Structures are given as structure tokens and as C-alpha cells.
Amino acid sequence: MAICRKCGSEIAEKATACLCGAPVQDVALSPGEDSMEFSETLSMPSQEQIAEGVPHDAAPRPLAGDLAVDPNAKTEEKVDTGLAAAETNQPVADTSPSGTSAPGEGRTTGLRALSPGIILNSRYEIVRKIGGGGMGAVYLAMDRNLGGVERAVKEMVQSSIEEEQQKKAIEDFKRESMILTTLDHPSIPTIYDYFFDNAESRFYLVMKYISGGDLASRLRAAPGGRIDEKTVTEWAVQIIDVLAYLHSLPTTIVYRDLKPSNVMIDGNTGRVMLIDFGIARSINQEEKGVTAVGTMGYAPPELFSGQVEPRSDIYSLGSTMFHLLTGADPQNNPLLIFDFQKNPRPRQINPQLSDQMERILMRAVEYNADARFSSAAEMRQVLSDHLENLKKGAVTYGVTEIPAAVSLANQSVFCGFCGQRIVATDLYCAFCGSKQPIAQHGVHSEIYARSQVTAKLVIDGTSELQAPVFSLEKSDNIVGRRDPQSNIFPEVDLSRFDPQTKISRRHARIWNEGGSFLVEDLGSSNGTILVATTDEPLRLQPHRPHPITNGDRLRVGDTTLHFVIG
């Protein structure tokens with residue numbers, strides 16, 4: 001019988017609550033009952049405590065997940081859907097009728113971090129937690145069987161989330177374990193062990209410990225919020241080599257979640273390491289309808305309709321490189337950021353990039369997979385050649401020929417609901433009528449012919465030998481200051497001419513309308529002053545367009561811009 005802690009009454013064996021209304025969580029086992037089911041907060045002495053002389057007020061016995069297991073304890077291994085379950089002969093909390101539970105069938109536990117000193121599977125001693133999220137954690141551990149060599153132990157807890165989410169998390173964890181055991185590449189962490197803790201309902205994956213940090217942390221620490229082209233190219237060559245290996249396996253593996261936080265640098269060797277294979281997927285060439293997963297901003301359009309293929313990884317690598325080289329986070333403007341007719345090209349954000357790198361990036365992130373590199377092997381060759389040219393100085397800066405940006409109206413994607421091929425700008429699928437999730441404002445536009453340079457702004461009063469010039473290449477140009485955090489990159493970026501930050505991020509706008517140019521203030525903090533060649537200086541009213549002609553000058557903050565047509 002069990003005893004209610006609130007009223008002290010005896011509770012029937014299968015009762016879910018006491019007569020006083022106390023829930024099952026407040027029910028404890030009777031001290032005289034012969035059972036191996038112990039409550040974590042049991043307040044009365046058990047038969048084992050009495051036999052060992054443990055004081056009545058001693059601290060409650062911790063669960064197996066909090067105990068350092070005796071290295072000499074006998075273990076029995078059971079295999080369940082590819083994971084070895086390690087069960088020790090220590091007394092544990094177990095709620096299954098037979099005294100054992102299988103993965104996915106045991107009790108669910110809240111996420112409780114493992115304490116330093118705990119020994120898992122009679123072998124791995126926890127040192128400290130080094131990462132994790134809502135479903136588990138990653139720990140630094142020492143392998144006691146190999147003289148204390150460092151290992152990374154990845155944990156997944158069967159928590160109390162919705163059953164469907166729980167099932168998917170377990171499947172992802174098992175998939176990662178099974179995939180990693182079959183792979184052999186110097187940039188993929190070696191897996192040494194995997195097992196299941198029955199008592200705590202936790203899966204564990206033991207792998208190589210990488211000490212160097214990920215690319216996301218490198219980017220945050222980089223001066224100016226971006227990383228130099230040579231370093232990124234060296235990393236990209238190693239990453240694309242891993243992808244080429246995965247794509248060339250007898251059963252093709254598509255990684256599907258390439259992003260800065262999933263790429264680490266080995267602190268000992270300096271080599272790139274690809275981590276987190278939880279959603280990597282083996283595919284057949286005819287396979288369709290794969291679950292849409294990935295990270296917005298890094299995932300290509302076809303992934304959201306389940307059309308996963310190797311070139312999807314090429315898009316993700318291009319997006320990752322774009323983020324590292326420009327500092328512009330694709331997650332701030334998913335999918336649309338690579339519409340280069342509407343948004344700045346890579347060299348407009350970072351003029352220090354070579355023309356060749358800009359072309360590589362723009363090709364890698366094409367909406368249409370057919371327009372990207374045909375394979376990881378092709379992109380690897382292009383990147384390797386580019387790296388050699390960078391080292392020799394055989395690259396160019398300052399585009400003379402702008403890479404063509406194909407309008408979205410000429411590209412096709414897949415419907416996110418029925419999987420049929422549709423035009424990228426379609427708001428609704430022509431086959432099933434569903435509204436498309438990636439068809440957003442700013443995508444639906446007619447094909448704009450790239451306008452020729454017809455006007456320019458010359459910066460007056462600088463100390464430079466040659467006056468800086470901004471060519472107004474687009475029909476619509478923003479004047480202001482860059483702000484990578486807000487994904488603002490104006491065509492006329494005056495950041496370096498504005499040390500006192502008197503210019504707003506989106507200060508003014510100049511555009512061509514029917515062959516004539518107009519200017520307007522965009523509600524800037526310090527206003528925009530038009531100094532015409534014939535009239536008195538005029539302070540522009542916010543959002544009131546005004547004609548601007550050849551020879552006129554604009555004052556924005558402390559900077560004067562000379563407007564020249566031709």
C-alpha cells in the first residue's frame with residue numbers, strides 16, 4: 001500500500017489520487033512494502049536503509065542518473081532500434097510493470113543537468129556542461145577506460161513535451177547515431193559509443209571532443225562583424241569537401257542544416273568539423289515529400305516543400321559564406337535577402353570582397369537549384385581555384401561587369417503543399433490553390449531591366465586626393481548609414497564620412513521617374529537640405545518628393561553631396 005503525504009491515509013495500489021484529493025505526485029510508498037520503486041522525495045526509511053543503519057532523517061537516495069556508477073558493476077547491453085541500452089545493477093527508479101523500460105516507453109523526466117563527477121555507463125566521468133538546449137545537453141567527459149582522454153557526451157532527454165515532438169526528437173537522435181557510425185571523414189567527429197539510460201530515460205552519444213568553438217562565435221568576435229575572404233574561403237573548401245563526401249556515398253546523405261553554429265574549428269588541428277547530424281537524411285533520387293526541416297535563412301526554397309537534394313546543401317553553404325563575409329544575417333530576411341534585384345549584392349555590403357567571390361556567392365544561393373553549382377565537387381574545384389588566385393593576388397576588386405541577377409519571375413520553386421513546380425512569384429499554387437509561405441511582399445515584381453549608370457553623387461570637402469563617388473546604379477537609391485544588425489545597407493553608404501553619426505540609417509532617397517530625378521527626406525533626425533544651383537537652400541519636408549537636377553547639392557548631417565547627371 002501507499003501512503004498520502006497530506007492526510008496519511010492508505011491509498012489503493014492503482015489509485016491515481018487520495019480520497020483527500022491529493023494527486024499521485026503526493027503519494028509515497030508504505031515503509032513496509034517490499035518494492036524497488038523509490039520516490040525521489042521519500043521521507044520514510046526504506047527496508048534497505050534500515051538494514052544498512054541509515055538514519056531516518058538521511059537525505060533521500062538519488063536516482064541512477066545522479067549516481068557515480070561503480071566501474072566494476074555488471075552491465076547488460078540490450079539493442080533497440082540501433083541504440084545499445086546500458087543497464088546497471090544499481091537500484092533505480094523504474095515505473096514499468098516488469099521492472100525495465102525500453103527507449104521511448106519509460107517515464108518522462110524534466111531536464112536536469114548532470115553534476116560534475118557523475119559516471120555514465122560505468123565509464124564516462126562528467127567534467128562540465130559545454131552546451132545544450134531544451135531537449136538535452138552536451139558535456140565534456142573523461143573516458144576512465146582510456147586514461148582520462150576527453151570526450152564529448154551528447155545527451156537527449158525524453159522530456160514531457162508533446163508526444164509527436166518527442167517521437168521526432170528520438171528519431172533524430174537515433175538517426176544521428178546511426179549515420180555517424182557509418183561515416184569516415186577527417187572533418188566529421190568520430191563516434192565512440194552510444195547507449196540508453198533506462199532509469200533516467202536519456203540517450204547518450206559519445207564522440208570526439210572539439211575545443212575550438214563554432215563559426216558563429218568566431219563571427220561575433222570578428223572586428224566589424226565579418227571575417228576576411230581568405231579565411232572564409234579556406235573554411236569553405238573544407239566544408240564543401242565534407243559535403244562532396246556525403247553526396248558521393250552509395251546512399252546519398254544530405255546534411256540539410258548547414259549554418260555557422262553547426263561548423264566548429266578543431267582547436268588542436270585548425271580543421272573544420274561538421275557537427276549535429278540530427279536532421280541529416282539519406283535519400284533516393286526519386287524520393288519526394290521529405291519533412292521540411294532546416295533553419296530559415298540558410299535553408300533553400302525547395303526544402304520547405306520537401307524536395308531535398310544535394311544542391312540544397314550548396315545553397316546553405318553559400319548562405320553561410322554570405323553571412324561570414326558580409327555580416328548580414330540571412331535569418332533577418334529569409335529567402336528575400338538573396339533577391340539581388342531588391343537587396344544589395346555582396347560587394348555592395350562589403351566592398352573588400354573580390355569580384356570572383358561575389359559571383360561564387362550569387363551562384364550558390366540561386367533560387368532555382370538548376371542555376372546553382374551542379375554538384376559539391378564542381379563548387380569545391382571553383383573554391384580551390386579561387387583560393388589559389390587569392391594567394392597569388394590574381395583577383396579583381398571593383399566590378400566592371402555586374403553579375404546578372406535573374407528575376408524571380410523567371411525562376412521556379414515547388415509548392416509547399418502539393419509539391420508541384422510553380423513560378424517563384426506565385427502567391428497561390430496553380431494546382432492546389434494553396435497560398436505559398438515564401439511568397440511575400442517584395443518578391444512579386446515584374447522583371448526590371450538593369451538600369452545604366454545615369455547619375456552619381458560626389459562627396460565634397462573630404463581630405464582624400466580623389467573625391468569619393470557613389471554611382472546611382474539602381475532606379476531607387478537609399479542614402480544613409482549601414483546597420484548590419486538591422487540588415488540595412490543603403491546604396492549610398494556614408495558611414496565613414498559621418499564620425500559623429502548625424503546621418504540616419506535611412507536618411508534620404510533618390511530615384512529616377514520617367515527620366516527625371518527626385519529626392520525626398522525619409523524622416524531623418526537632422527533633416528536633408530537641398531542646395532539648388534538657382535534657388536536658396538531648401539530644407540526638405542519628410543516624405544515630400546522634390547526634383548533634383550544636375551549640379552544641385554544635398555546636405556545630410558555634416559556631409560555635402562554633389563549631384564551629377566551623365
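Structure values in brief
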| read-out | value |
| --- | --- |
| Förster radius 22 Å - calculated FRET efficiency between L465 and N550, Cβ distance, rounded to 0.05 | 0.35 |
| Inter-label distance, nm, simple model (7 Å from Cα along the C-beta direction), S516/N268 | 7.2 |
| Amide N of segment 541-558 lying under 17 Å from the label point, which is placed 7 angstrom from the Cα of A532 along Cα→Cβ | 541-542, 544-555 |
| Likely footprinting exposure, T233, T396, fewest C-beta neighbours within 10 Å first | T396, T233 |
| Linear extension gain, Q541 paired with Y397, 0.36 nm per residue minus alpha-carbon span | 48.0 nm |
| Interchain or long-range residues, amide H under 5 Å from G212's placed H | I265, G267 |
| Interchain or long-range residues, amide H under 5 Å from V149's placed H | D143 |
| Ascending count of other beta-carbon atoms within 10 Å, so fewest first, for H323, H247, H546 | H546, H247, H323 |
| Neighbourhood charge, 11 Å Cβ-Cβ cut-off, centred on M273 and excluding it, Lys, Arg +1 and Asp, Glu -1 | -1 |
| FRET E, pair R421, R496, Förster distance 60 Å, beta-carbon r, rounded to 0.05 | 0.85 |
| Sites matching chymotrypsin sites (Phe, Trp or Tyr not before Pro) across segment 330-399 that sit in DSSP coil, with at most 13 neighbouring C-beta atoms within 10 Å | Y397 |
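Throughout, read-outs are computed from the coordinates displayed, never taken from laboratory work. Everything quoted here is computed from the prediction, not taken from an experiment. Cβ: placed from backbone, ideal geometry, glycine included. Neighbour counts: every protein chain shown.
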